[in-house]
Amino acid sequence: MDHTLCINGADHSLTLDPRDTLLDVLRDRLNLTGTKKGCDHGQCGACTVLSDGKRILSCLQLAATQRGEITTIEGITSSDGDLHPMQVAFIRHDALQCGYCTPGQILSAIACVTECHATSEDDIRTWMSGNLCRCAAYPNIRAAILDAAST
Amino acid sequence: MTPFTLTDTPSGQPGETLLAGGTTLIDLMKLGTLTPTRLIDLTQRRDELSGIHEDGPNLFIGALTTMADMADHSLIAARYPLVRSALLQSASPQIRNMATIGGNLLQRTRCSYFRDPASPCNKRHPGSGCGAMGGDARGLAILGTSAFCIANYPGDLAVALLAVDADVEIETPAGTHRSIPLAELHRLPGPSPEIETTLTPGEIITAITLPVGDHRRSAYLKIRDRASYAFALASAAVTLTLAPDGTVNRCAIALGGLATKPWRATAAEQWLMGRCIDEGTALNTGQLAVEGAVATPDQDFKIALGARTVARAILNAAEGKLEH
């Protein structure tokens, strides 16, 4: 079936199998491999992207029913190529080790701040609970988000 | 996933299922647990079937409203704080942005034998047996079970909605409408655990309605292995009002995690009526709420856990504390 996806401000007209998930289309068809497949079952958050600014799990989203504008990790740098303040904060606070959960963490964190759910460490603990990190970078991730939220 | 046609027109044929947020359905289709051949894309009707508005003194919630939007709504926070609390203790922010109220009510069990297509499961494949009996039943039901199935209903929202006497609005394939109390939506497994609700094929939940009520003393307490992003081992929704002399003159108690469907503890409610709340009466109420529980050795701890969860929720509600 034919469907148009708007990804990082650009329209992509695609012929899709109804079974194609947004995650697989981003990675395999559009070569936007920044979004990661961690569990593919909606349990880890590594596949988090923004749909009309709201954080969703791209592994559970059928591409053919996706209607909102998608923002991926590739789409948050400025047009001048400057890193997003959340990316700067993650680097400053060493909020990653292997980096696999990191794109999902960053997009989830950007939405968390927009939602005004990053006002305290406890708040961040609760509102970032959909993003797992097996390297346990959590304390530094929280510090990065608190930092970015305050600027 | 096995192949399917995606469409917006129901045909009423077998093998057809509804797609809303997809957070349960797509997960189970990827496992091969569910293999529908036609998906009806309900999101095409999002504008028509989502939104929250007052309906006289009652509150009307469109079934395609997301969990996040319902939790964030000022009237839910003001009038039904235990429902907001249940929503915010469910799933994750990402899932709540996708998942709908109607879909959430109809979520499937997390029983690993149901989810695994290679396991015997009378719910997924009638007559094939039950892998949970004699297997790992720790997270499964101790109330409402049958010889055919011990799978528990895992959701939180339905439990809180049960305690506030919600109704479910249903659209039939013929386009007519009917309304039932939420208490009549889910079925006990009995000899046919594959039939989970009283909905007939092709029926769609279009909305829930919440009757006006005093929920200033209410709580939704969820006890689980992790502090977040985990299903309930035991949960309790409590809402009550006190007479001037401090005795309970209205109460509703519903259990989650422990039963095969959202569970109203009516005998426990009746006992608590007219009594003052203290640790003793709260615990006695809790014990009545789990009376009749049938537990395997690895489930045994949940009888006391369930009783204490109800007790703590009653104490929290009486104080006006929403959670723990």
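The values are calculated or read from the model by the stated rules, or taken from the named source; none is laboratory data. This structure is a prediction, so every number in the text was calculated from the model and none was measured. Heads up, the Cβs are rebuilt from the backbone with ideal geometry, glycines too, and the neighbour counts pull from every protein chain shown.
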Across the stretch B:6-49, what is the total count of residues that are touching a residue at least 40 places away in the same chain (Cβ under 8 Å) and of a type in the set (S, T, N, Q)? 3
Being more than 11 Å from chain A (Cβ to nearest Cβ), among the hydrophobic types (A, V, I, L, M, F, W, C) and farther than 21 Å from A:I56 by Cβ narrows it down to one residue among B:L64, B:L59; which is it? B:L59
Of all residues being out of contact with any strand residue (DSSP E or B) (no Cβ under 8 Å at 6 or more places or on another chain) and surrounded by fewer than 20 Cβ atoms within 10 Å (Cβ to Cβ) in the stretch A:25-37, which is nearest to the other protein chains (Cβ to nearest Cβ)? Just the residue, please. A:K37
Hey, among the residues in the stretch B:199-228 that are out of contact with any Leu (no Cβ under 8 Å at 6 or more places or on another chain) and within 14 Å of chain A (Cβ to nearest Cβ), which one's farthest from B:L283 (Cα to Cα)? B:S228
Give the residue, chosen from B:S179, B:S235, B:S192, that is at pLDDT 95 or above, assigned to a loop (DSSP other than H, G, I, E, B) and hydroxyl-bearing (S, T, Y). B:S192
Test result for A:D2, within 14 Å of another protein chain (Cβ to nearest Cβ), farther than 19 Å from B:M29 by Cβ and more than 15 Å from the chain's Cα centre (by Cα): yes
Can you name the number of the only condition in (1) at positive phi; (2) buried (at least 24 other Cβ atoms within 10 Å of the Cβ); (3) not β-branched (V, I, T) that B:L255 fails? (1)
Quick one: which residue in B:R308, B:R250, B:R226, B:R216 is surrounded by fewer than 16 Cβ atoms within 10 Å (Cβ to Cβ), on the phi < 0 side of the Ramachandran plot and outside any loop (DSSP other than H, G, I, E, B)? B:R250
State which residue pairs qualify: first residue under 16 Å from A:C59 (Cβ atoms) and in contact (Cβ under 8 Å) with a residue 40 or more places away in the chain and inside the stretch A:1-27, second residue surrounded by fewer than 20 Cβ atoms within 10 Å (Cβ to Cβ) and not hydrophobic (A, V, I, L, M, F, W, C) in any location, beta carbons under 6 Å apart, and separation of 6 or more residues or different chains. A:L5/A:H12; A:L16/A:H3
How many residues are surrounded by fewer than 23 Cβ atoms within 10 Å (Cβ to Cβ) and in contact (Cβ under 8 Å) with a residue 24 or more places away in the chain when one looks only at the stretch B:269-280? 6
Collect the residues in the stretch B:265-294 that are more than 18 Å from B:A237 (Cβ to Cβ) and more than 21 Å from the chain's Cα centre (by Cα), keeping them in residue-number order. B:G274, B:R275, B:C276, B:D278, B:E279, B:G280, B:T281, B:N284
Taking the stretch B:23-37 as the search range and keeping residues that are closer than 13 Å to A:P18 by Cα and surrounded by 19 or more Cβ atoms within 10 Å (Cβ to Cβ), which one is nearest to the chain's Cα centre (by Cα)? B:I26
Identify, please: which residue in the stretch B:156-168 is in contact with a helix residue (DSSP H, G or I) (Cβ under 6 Å, 6 or more places away or on another chain) and of a type in the set (G, A, S) and is, among those, farthest from B:Q299 (Cα to Cα)? B:A166
Confirm whether A:G75 is in contact with a Gly (Cβ under 8 Å, 6 or more places away or on another chain) and either closer than 22 Å to B:M67 by Cβ or surrounded by 18 or more Cβ atoms within 10 Å (Cβ to Cβ) (or both). yes
Can you tell me which residues in the stretch B:9-44 are farther than 27 Å from B:R115 by Cα and within 12 Å of another protein chain (Cβ to nearest Cβ)? B:Q44
Single unsatisfied condition, A:H12 versus (1) within 10 Å of chain B (Cβ to nearest Cβ); (2) in contact with a strand residue (DSSP E or B) (Cβ under 8 Å, 6 or more places away or on another chain); (3) not polar (S, T, N, Q): (1)
Give the residue, chosen from B:G135, B:G129, B:G102, that is crowded, with 24+ Cβ neighbours inside 10 Å and either over 18 Å from the mean Cα position of the chain (by Cα) or not hydrophobic (A, V, I, L, M, F, W, C) (or both). B:G102
Out of all the residues in the stretch B:110-122, which are buried (at least 24 other Cβ atoms within 10 Å of the Cβ) and either in contact with a helix residue (DSSP H, G or I) (Cβ under 8 Å, 6 or more places away or on another chain) or within 14 Å of chain A (Cβ to nearest Cβ) (or both)? B:C121
